[in-house]
Amino acid sequence: MLSYAAGARFLQLMGGVNLSFYDWYCDLPPASPEIWGEQTDVAESADWYNSKFIAVMGSNLNMTRTPDCHFAAEARHNGSKMVVFAPDFNQVAKYADQWVPVHAGQDGAFWMAVNHVLLTEHHHEKKTPGFLDYARRYTDSPFLVRIEDDGTGQRPGQLLRAETLTRYKGEENGAWKLLVWDEKSNSPRTPGGTVGHRWQTKQGTWNLEFKDPSDGSEIAPELSFLAQNDGIAQVKIHDFVAGKDVTRGVPVRYVDTAEGRVAVATVYDLLFAEFGVSRGLPGEYPTSYDDDA
């Protein structure tokens, strides 16, 4: 409590606002829900025993998870492989098959590379059903993002809102109901489970069912426009490491809205562009895993 009180007070003196216990050191509440949709909704430590591969970073189990550390040792006896990422050869590193002595900033770069490999090998080259089904149902990957010209080029804009389509004109909370591309009707549709459905008057549609709550029809959210599209937009992506923009091809469709015809891409396709997985598209994409750029 002393640690929290001191940190919280320090943050407040700088004009910060605390909304939860973790806010002053920017831990679980921002990151965990953004990635997984739930805060600390993870397996218990006993489940480490069932893992085949364990990556340890940001946690020196002997020191910070002392009562649970024996599960890691038992997992090793069970055949689990373990890699420890830590700047020092710490106590938990002695359990590892490999110790990676990371420096500041390398951990983020490493996991971005892991994501690049996963997208390449399990989403593009080999379409792993479990990965694709999870992305379609439990993430924002199918949602449509406007591709807009800001004067310097085309860039990702806001998510496409239901209120901009004639089909959903007058829909309650239409500004907070987002759209996916439905493979069945070959058109934009809104699934249940968005913020607009959470706070609307009608109850019972804040869920993960593949249905359009406006009429109850079944929908099938399309993850990617790679196979069928209306063209390839050259979208500018900011490279924060190099401090410059790179231009990468992203497949798009065109949607007629109250504001006119707009180009949209799925979050999923933009993710490939962000992580530099070309899938044969034109643009400033790396040529292989060995490409320094």
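The values are calculated or read from the model by the stated rules, or taken from the named source; none is laboratory data. Just so it is clear, the model here is predicted, and its values are computed rather than measured. Reconstructed Cβ throughout: ideal geometry from the backbone, glycine too, with neighbour counts over all protein chains shown. Calculation scope for accessible area: heavy atoms of the full protein, side chains included, ligands and nucleic acids excluded. Shrake-Rupley method; radii C 1.70, N 1.55, O 1.52, S 1.80 Å.
In the chain, with Lys and Arg counted as +1 and Asp and Glu as -1 at Cβ, which of these residues, TRP99, LEU119, PHE210, has the Cα nearest the positive end of the dipole, that is, farthest along it? So the residue we want is PHE210. Placing unit charges on each Cβ (+1 for Lys and Arg, -1 for Asp and Glu) gives the chain a dipole about its Cα centre, and among HIS77, LEU178, GLY231 the Cα reaching farthest toward its positive end belongs to LEU178. Take the Cα of ALA43, go 7 Å toward its beta carbon, and none of the backbone nitrogen atoms of the stretch 128-163 fall under 14 Å from that spot. Calculated on the Cα set of the stretch 83-213, radius of gyration then Dmax: 20.9, 62 Å.
Model label points for THR152 and GLU209, set 7 angstrom from Cα along the Cα-to-Cβ axis, are 4.6 nm apart. Compared with the direct C-alpha span, the chain from HIS77 to TRP199 gains 38.9 nm at full extension, assuming 0.36 nm per residue. Given the C-alpha centroids of the stretch 239-293 and the stretch 58-126, what is the distance between them in whole angstrom? Between the Cα centre of the stretch 239-293 and that of the stretch 58-126, the gap is 30 Å. P(r) tail for the chain: Cα pairs beyond 27 Å make up 56% of the total.
For the stretch 115-164, what class follows from the C-alpha gyration tensor (a ≥ b ≥ c being the square roots of its eigenvalues): rounded when a/c is under 1.5, otherwise prolate if a/b is larger than b/c, else oblate? In terms of gyration-tensor shape, oblate.
Note on TYR134 and VAL117: their simple-model spin labels are 1.6 nm apart, each label 7 Å out from Cα toward Cβ. Taking the 1.4 Å solvent-accessible surface of the stretch 51-187 as the whole, the part contributed by carbon and sulfur is 55%. Rolling a 1.4 Å probe over the protein heavy atoms gives the stretch 150-254 an accessible area of 53 Å² per residue. Below 14 Å, Cα to Cα, which aspartates and glutamates can LYS94 reach? Residues fewer than 8 away in the same chain don't count. Output for LYS94: GLU74.
Helical runs assigned H by DSSP (4 residues or longer) give the chain a calculated mean residue ellipticity at 222 nm of -6500 deg cm²/dmol, each run adding -39500 (n - 2.57) before division by the residue total.
Converting phi to 3J(HN,Hα) with the Karplus coefficients 6.51, -1.76 and 1.60 and the offset θ = phi - 60°, the stretch 195-207 yields 4, x, 6, 5, 10, 7, 5, 5, 9, x, 10, 8, 8 Hz in sequence order, with x at every glycine or proline. Loop-located trypsin sites (Lys or Arg not before Pro) in the stretch 77-134 (DSSP state not H, G, I, E or B) with no more than 12 neighbouring Cβ atoms inside 10 Å: LYS126, LYS127. Lysines near LYS177 by alpha-carbon distance under 20 Å, same-chain residues fewer than 8 away left out - which ones? The reachable lysines, counting only those whose Cα sits under 20 Å from LYS177, are LYS169, LYS202, LYS211.
Per-residue 3J(HN,Hα) values for the stretch 120-137, derived from phi via the Karplus relation 6.51 cos²θ - 1.76 cosθ + 1.60 with θ = phi - 60°, read 5, 8, 10, 10, 10, 5, 10, 7, 6, x, x, 5, 5, 4, 5, 4, 6, 8 Hz in sequence order (x marks Gly and Pro).
Using 0.36 nm per residue and subtracting the Cα-Cα separation, the extra length available between GLU172 and MET57 on full extension is 36.9 nm. Against the chain, whose longest principal axis is taken from its Cα atoms, helix 2-13 shows a tilt of about 40°.
Across the chain, the mean sequence separation of Cα contacts (distance under 8 Å, 6 or more residues apart), normalised by length, yields a relative contact order of 11 percent. For the stretch 244-293, applying the loop criterion from DSSP together with a ceiling of 11 other beta carbons within 10 Å to the GluC sites (Glu not before Pro) yields GLU259.
Which far-off residues, 5 or more places away or on another chain, put their amide H under 5 Å from the one on LYS81, with H placed in the peptide plane? Amide H to amide H, under 5 Å and 5 or more residues apart or across chains, LYS81 pairs with PHE53, ILE54.
Taking a ≥ b ≥ c as the square roots of the Cα gyration tensor eigenvalues, the stretch 163-261 comes out prolate, since a/c reaches at least 1.5 and a/b is larger than b/c.
Take the Cα of HIS70, step 7 Å toward its Cβ, do the same at SER288, and the gap between the two points is 4.9 nm. These residues, HIS103, HIS124, HIS77, go from largest to smallest accessible area, 1.4 Å probe, as HIS77, HIS103, HIS124.
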